[in-house]
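Structure record follows, encoded as structure tokens.
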Amino acid sequence: MAISYNGHTVGVICELNPLHNGHAYLLSEARRLVGEDGCVICVMSGKTTQRGEFAVLEPYARARTALAAGADLVVELPFPWSSGSAEHFSMGGVSILSQMGCTHLLFGSECGKLPLMRRAADLISSAEFTEVYASLCRDGVGTATAYTQALRSSDSTLPESFPSSNDLLGIAYLAAIQRLGSDMAPHTVRRLGQDYRDELLTNAAYPSATSLRKLIQEAACDPVCLSAVLDGTMPQDALEILLSEIREERAPVSMEAFYRYAHTHFRLLSVREDDDIAEGGDGLICHLQKRALASCAFEEFLASAETKQYTKARLRRAILFAVSGVTVQDLRNRPSYSVVLAASQRGRAFLSVWRKCALAEEFTLVTKPADAPESRQRVLGERIDALYTLCFPAPHDAGWFMRKTPLIEK
């Protein structure tokens, strides 16, 4: 359902961890799609990411980088959907955009071919795919390999290199649109530059977010050096915001404090209390408990727990969900509200219209986290706040985010 807004709206589901030139390119394509009268809306992960890690920069700072790069409105993709697998991450983001009456969805992909991705989205919704995928997972095949093999089993004519990492998310977005019965029109642009998982920076024009996070963690102690290293990898405004957050001792957010607590949590865990933990099926929680008891440090714990069936990304998600108490049902639910993180003048105009339409009666956008409705979603969000603020270079109190307000351009 589209709202009566003077122009089209395009949604971008993202992490911006941190924002770099590739993201800026995607946002410029979003602007081109809807024109100067349209509204570019980012649904951005808050404190946690799909890898089961904390974002290197807190969400309000990342939202400012998005506004500087051309976004009009940035709202939060809340926890736990922000750390869900592709299915739950995409459903959370698409659900929020649908509730906001968004007319278009734009995402990056390696293949850049929407018809091919639509074909795959139809396949993963079939009973045949579900049966083959479940069987392969039960046989101990890793989830990513099982996914690809199940797709091939359903359609042997798919290209050999398809799907890659961002293709998988795009397919999940298309499947979510189908499941929700949304009339959003999907669009994709081909991803440029390095693979997002590359740990070494080899293409400054279009870098990998992983390599940038690694550099930020390693060189944050010398902002002058870091500035020189990152020059050209991201818009200047984004770099200045990042450096400012480092000087204020709010970045880079490190997982070390959380890792120590997580290791302790699994050493003391009563498995029966955590049987319904999200991502914890197939005996994973019991497996993690055993590995925690046998290891002396978190990295050893994580490395020893990794198998073909239990990838590092899944392990991190399961650990994060176990510590914060996220259940399978929590992920199956849909977000009931989102927090506004930043808005331009166009974003303000859109919000003014949206708040008067019927959609606003079923979904809530809050400008202050403290005003969020009492709900299970809020409980889980406050738990993540309490963990995340301990991981700033200079730790903050658990309620710090409750006092935050968005950047609203006048």
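The values are calculated or read from the model by the stated rules, or taken from the named source; none is laboratory data. On a predicted model such as this, the values are computed, not experimentally measured, just so you know. Methodologically, a virtual Cβ is constructed for each residue, glycine included, from the backbone with ideal geometry; neighbour enumeration extends over all protein chains shown.
Every residue in segment 370-394 that is crowded, with 17+ Cβ neighbours inside 10 Å, small (Gly, Ala, Ser) and farther than 12 Å from Pro80 by Cα, please.
Ala372
Exactly one of (1) farther than 29 Å from Gly281 by Cα; (2) in contact (Cβ under 8 Å) with a residue 12 or more places away in the chain is unmet by Pro115. Its number?
All conditions pass for Pro115, except number (2).
Which condition breaks for Trp81 when tested against (1) touching a residue at least 40 places away in the same chain (Cβ under 8 Å); (2) more than 18 Å from Leu380 (Cβ to Cβ)?
The number of the failed condition is (2).
Within segment 187-216, can you find the residues that are in contact with a Gly (Cβ under 8 Å, 6 or more places away or on another chain) and part of a strand (DSSP E or B)?
Thr188, Val189, Arg190
Filter segment 134-158 for residues that are of a type in the set (Val, Ile, Thr) and part of a helix (DSSP H, G or I); which is modelled with the highest pLDDT? Reasoning before the result, please.
Filtering segment 134-158 for residues of a type in the set (Val, Ile, Thr) gives 141, 143, 145, 148, 157.
If we keep only those that are part of a helix (DSSP H, G or I) too, we end up with 143, 145, 148.
Numbers: Thr143: 79, Thr145: 84, Thr148: 89.
The residue in question is Thr148.
List pairs: first in segment 306-319 and touching a residue at least 12 places away in the same chain (Cβ under 8 Å) and more than 12 Å from Ala144 (Cα to Cα), second assigned to a helix (DSSP H, G or I) and of a type in the set (Ser, Thr, Tyr), Cβ under 6 Å, 6+ apart or cross-chain?
Once the first residue is touching a residue at least 12 places away in the same chain (Cβ under 8 Å) and more than 12 Å from Ala144 (Cα to Cα) and sits in segment 306-319, its partners that are assigned to a helix (DSSP H, G or I) and of a type in the set (Ser, Thr, Tyr) give Arg317/Ser83.
Which condition breaks for Met44 when tested against (1) closer than 25 Å to Ile216 by Cα; (2) in contact with a His (Cβ under 9 Å, 6 or more places away or on another chain); (3) of a type in the set (A, V, I, L, M, F, W, C)?
(2)
Considering Thr157, Thr103, which residue is under 30 Å from His20 (Cα atoms) and either in contact with a strand residue (DSSP E or B) (Cβ under 7 Å, 6 or more places away or on another chain) or hydroxyl-bearing (Ser, Thr, Tyr) (or both)? I'd like the intermediate steps shown before the answer.
On the way: Thr157 fails: under 30 Å from His20 (Cα atoms).
Being under 30 Å from His20 (Cα atoms) and either in contact with a strand residue (DSSP E or B) (Cβ under 7 Å, 6 or more places away or on another chain) or hydroxyl-bearing (Ser, Thr, Tyr) (or both) holds for just one of Thr157, Thr103, which is Thr103.
Looking at segment 79-123, which of the residues that are aliphatic (A, V, I, L, M) and over 18 Å from the mean Cα position of the chain (by Cα) is nearest to Ser352 (Cα to Cα)? Even if it seems obvious, please write down each step before you answer.
Initially, segment 79-123 is screened for residues aliphatic (A, V, I, L, M), giving 86, 91, 94, 96-97, 100, 105-106, 114, 116-117, 120-121, 123.
Then drop every residue that is not over 18 Å from the mean Cα position of the chain (by Cα), which leaves 100, 114, 116-117, 120-121, 123.
Working: Met100: 12, Leu114: 33, Leu116: 38, Met117: 35, Ala120: 38, Ala121: 35, Leu123: 40 Å.
Checked segment 79-123; the qualifying residue nearest to Ser352 (Cα to Cα) is Met100.
Report every pair of residues separated by at least 6 positions or lying on different chains whose Cβ atoms are under 6 Å apart, first residue within segment 344-359 and outside any loop (DSSP other than H, G, I, E, B), second modelled with pLDDT under 95 and surrounded by fewer than 16 Cβ atoms within 10 Å (Cβ to Cβ).
As it stands, the answer is Gln345/Glu409, since those pairs meet every condition given.
Every residue in segment 11-56 that is within 23 Å of Arg403 (Cα to Cα) and in contact with an Asp or Glu (Cβ under 6 Å, 6 or more places away or on another chain), please.
Matches in segment 11-56: Ser45, Gly46, Thr49.
Do you know which of the residues in segment 160-186 that are touching a strand residue (DSSP E or B) at 6+ places or on another chain (Cβ under 6 Å) and outside any helix (DSSP H, G or I) is nearest to Leu136 (Cα to Cα)?
Pro186
Tell me which residues, restricted to segment 216-234, are surrounded by 19 or more Cβ atoms within 10 Å (Cβ to Cβ) and over 20 Å from the mean Cα position of the chain (by Cα). Break it down stepwise before answering.
We begin by selecting, within segment 216-234, every residue surrounded by 19 or more Cβ atoms within 10 Å (Cβ to Cβ); these are 216, 220, 226, 230, 233-234.
Those that are surrounded by 19 or more Cβ atoms within 10 Å (Cβ to Cβ) and over 20 Å from the mean Cα position of the chain (by Cα): Ala220, Leu226, Leu230, Thr233.
What are the residues in segment 279-306 that are in contact with a Phe, Trp or Tyr (Cβ under 8 Å, 6 or more places away or on another chain), of a type in the set (Gly, Ala, Ser) and modelled with pLDDT under 95, if any?
Gly280
I want to confirm something. Restricting to segment 360-374 and keeping residues that are closer than 22 Å to Leu407 by Cβ and in a helix (DSSP H, G or I), which single residue is modelled with the lowest pLDDT?
Step by step, filter segment 360-374, then rank; the result is Ala360.
In segment 104-113, is there at least one residue being in a helix (DSSP H, G or I) and buried (at least 24 other Cβ atoms within 10 Å of the Cβ)? Write out each step before concluding.
Within segment 104-113, the first condition is being in a helix (DSSP H, G or I), and the residues that meet it are none.
No, segment 104-113 has no match at all.
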